[in-house]
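To keep things clear, I will list the structure first and then write my remarks on it.
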Amino acid sequence: MRLPRRLTASVAVSTLAVAALTGCDSDPETGDKTQIVIGADLDASGSAVDYAYTRALQLKIDQVNASGVLGSRELVLRTQDNRSDPTASLRNISTFAADPAVAAVIAGSCGQCVVDSAKTINDQRIPTIALAAADEVTTPVQSRRYVFKLGPNSTDSVAAMVAELTRKKTKSAALLYADDLYGRAAQKKMVEQLKAAKITLSGNRSVKPTATEISQTVGTLTDAGPEALVVLAGSDLATLAATSAKAAGFTGSVYFDAAAAGDLFLPQAAASATDKTTMVFTQILAIDDVIATTPAKAARKQWFRDYTARYGSYSGVAAFAADAVELIADAVAKVGGDRQRIRDVLETSQTDGLAGPIRLTPDNHSGLMPQALTLLVARSGRWRLLS
């Protein structure tokens, strides 16, 4: 989904304003703090997901700075627009790496951007937390020593969907997936797990991630009469798939994987078509249904309120960006702005984050645990816990 011009302009102005603050050291006479820069490589002009990341990054940085937890230091966000172009992304990350004021980088939704920049990230030793969905951003870990990932892994998302299909004794399923780095890998895992679960794959089709008309492809899948339609794609494409299936007269169950998560409320025009759709994601998108029985759950509910209070709505992906800032802030509190030591701290980080439990190890740089995922269902145009 392309952003409205006024939102694009807002991002650009905010980015320039923040960038102007960077590069200053603390002044004992004025009380100014040492500024630790976090570089953000995002699609600031065209991605609704990255726009949500931009909002979440700034909100969480403001919260960290206001808390005083960093003492004489403060975090500053510096954003560069990659336009989801790997070449532009590589240029941005190289620029960040060349600036000693930048302690770490947070990369947005473009998985191919991170994969193509992995060698530069490692060679320049700039710790980077990727928010892209593709598992490949952190695998193989031997060539991703400075790259970490937050967000659901396709392996875990697929496993949760197949478990639910099995629980409901589904006999057949059709599969629609985005023809991109994430979609192709998720499709391969889904085919394998459906076969292992003895669920017949009645159809298997890909669509371009930027497609705006997929009715013919969806119709081909639903004409085969599957009991379920499984969609492995981003929010806009998944919603379009559900709408197209409804228009084709499909009466079976529709399933979205975690990549489809977007805003709390579904588009009004698609509310009816997506009703009763099941999605694998974290509890944060249905936080109103969660009882704050632990400090972590209470923190998630507070984050949801804070984000909504500032921006007027909530995006499911926002928690991943906030957790990335929190991990970097925790590392800075321990070791300052030293990149190597920040990387070392990140590699052994364990926390109950806003998205769910996070565990990073030297052998696993993708931190979100499978236990963070649950099943949500669309009811009356918004997401709710399935049970």
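The values are calculated or read from the model by the stated rules, or taken from the named source; none is laboratory data. These numbers come from a predicted model, not from an experiment. Virtual Cβ from ideal backbone geometry, glycine too; neighbours counted across all protein chains shown. Please note that ligands, DNA and RNA were not included when accessible areas were found on the heavy atoms of the full protein model with its side chains. Shrake-Rupley method; radii C 1.70, N 1.55, O 1.52, S 1.80 Å.
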Quote to one decimal, in nm, the extra length available between I291 and R305 on full extension: 0.36 nm per residue of separation minus the C-alpha distance between them.
-> 3.6 nm
Sorting A258, L327, T308 by the position of each Cα along the dipole of the chain (Lys, Arg +1; Asp, Glu -1; all at Cβ), the one nearest the positive end of that ordering is A258
Is the shape of the chain rounded, prolate or oblate, going by the alpha carbon gyration tensor and its root eigenvalues a ≥ b ≥ c, with a/c under 1.5 for rounded and a/b larger than b/c for prolate?
-> prolate
Averaged per residue, what accessible area in Å² does the stretch 140-246 show with a 1.4 Å probe, protein chains only?
-> 44 Å²
What fraction of the DSSP beta bridges in the chain is antiparallel, stated in percent and rounded to the nearest 5?
-> 30 percent
Based on the alpha-carbon gyration tensor of the stretch 225-264 and its eigenvalue square roots a ≥ b ≥ c, which shape applies: rounded if a/c is under 1.5, prolate if not and a/b is larger than b/c, or oblate?
-> prolate
Report, in whole Å, the centroid distance computed from the Cα atoms of the stretch 281-355 and the stretch 120-185.
-> 20 Å
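Counting only other residues whose beta carbon sits under 11 Å from that of L181, what net charge do I get with K and R as +1, D and E as -1?
Result for the neighbourhood of L181: -4.
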What's the extension gain from V335 to Q371 if we count 0.36 nm per residue and subtract their Cα-Cα distance?
-> 10.0 nm
Cross-link table K246/K301; K168/K276; K189/K297; K171/K297; K60/K149; K168/K246, entries beyond 25 Å C-alpha to C-alpha = K246/K301; K189/K297; K171/K297
In Å², rounded to a whole number, the accessible area per residue of the stretch 332-383 with probe 1.4 Å is 42 Å²
Segment T361-K119, length gained on full extension (0.36 nm per residue, minus Cα span) = 85.1 nm
Once the Cβ-Cβ distance between K188 and A66 is put in as r, and R0 is 51 Å, what FRET efficiency do you end up with, to the nearest 0.05?
-> 0.70
Packing-based order for 187-199, 169-181, using average beta carbon neighbours within 10 Å, highest first = 169-181, 187-199
Using a 1.4 angstrom probe on heavy atoms only, work out the carbon and sulfur share of the accessible area of the chain in %.
-> 51 percent
Taking only DSSP H segments of four or more residues, each worth -39500 (n - 2.57), what value at 222 nm results for the chain once the sum is divided by all its residues, to the nearest 500 deg cm²/dmol?
-> -13500 deg cm²/dmol
Roll a 1.4 Å probe over the protein heavy atoms and report the accessible area of E326 in Å², nearest 10.
-> 60 Å²
